[in-house]
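Participant: Input: one structure, supplied below.
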Ligand SMILES: Nc1nc2c(ncn2[C@@H]2O[C@H](COP(=O)(O)OP(=O)(O)OP(=O)(O)O)[C@@H](O)[C@H]2O)c(=O)[nH]1
């Protein structure tokens, strides 16, 4: 039987960089030009199958980027196995905000968290304010994964999640760990689904929490 794992992933970043759009593309392969700003956070799941048929189910917490929700974020990144910190390549201030989220994760999240820095809105590269060199250099210095995406065209979106899946510890002993549920953002993670009956949500389930 192929191995199945489940990990908790959190998205962080300034408002309007495209966090929810990235998740919508990844989970439902859709894009919405007029997406409303997230309130609180949203929960979705999606599964990635690797070449060796290992499946990685992501439990995704899409946080709200507006400043008024900032204090909620620790609830979502606490116990997260991985984080996608998003900036908008057409807004250099959004990279500064992403760096501040990364500093916070480095100080307060699980020390083994896998962090990917993601430059979104690649389809708008004519208006680019953040060069690939600058972002890549910063990511290398901080030991982060890095990639650029367009939630609008889909470019790079599945690559970033697949790269994260490959970096996660897929050999971790599963038995002592538990899964997360919608409404329980701080739940434990990293479960091997082969060992767990009734293992949570199906693909693309969503709740606004
Ligand atoms: N051109 C372009 N527009 C995008 C892309 N991704 C998102 N957008 C647009 O940017 C706006 C904000 O996108 P959201 O996904 O709501 O951004 P968010 O980061 O989730 O925002 P908050 O919920 O406020 O934190 C929307 O109008 C999207 O349609 C992209 O890759 N390219």
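Derivation of every value follows stated rules applied to the coordinates shown; laboratory data play no part. Small disclaimer: the values here were computed from a predicted structure and weren't measured. When we count neighbours, we look across all protein chains shown, and the Cβ atoms used for this are built from the backbone with ideal geometry, even at glycine.
Participant: Treat each spin label as a single point 7 Å out from the Cα along the C-beta direction, and report the residue 33 to residue 107 distance in nm.
Facilitator: So the label points at residue 33 and residue 107 sit 4.1 nm apart.
Participant: What FRET efficiency do you get for residue 1 and residue 142 if R0 is 45 Å and r is their Cβ-Cβ distance, rounded to the nearest 0.05?
Facilitator: 0.75
Participant: Extension gain residue 92-residue 171, at 0.36 nm per residue separation less the Cα-Cα distance, in nm?
Facilitator: Separation in residues times 0.36 nm, less the Cα-Cα distance, equals 24.6 nm.
Participant: How many angstrom lie between the C-alpha centres of the stretch 153-173 and the stretch 1-53?
Facilitator: That distance is 12 Å.
Participant: Hey, another quick one. Would you work out the Kirkwood radius for the stretch 4-176? I mean one over the mean of 1/r across all pairs of different Cα atoms, in Å.
Facilitator: 16.0 Å
Participant: At R0 = 45 Å, how high is the FRET efficiency between residue 53 and residue 134 if r is their beta carbon distance? Nearest 0.05 is fine.
Facilitator: 0.75
Participant: Once fully extended, how much extra length lies between residue 68 and residue 99, figured as 0.36 nm per residue of separation less the alpha-carbon to alpha-carbon distance?
Facilitator: 9.3 nm
Participant: Less than 15 Å from a label point 7 Å out along the Cα-to-Cβ axis of residue 155: which backbone N atoms in the stretch 115-143 qualify, by residue?
Facilitator: 119-133
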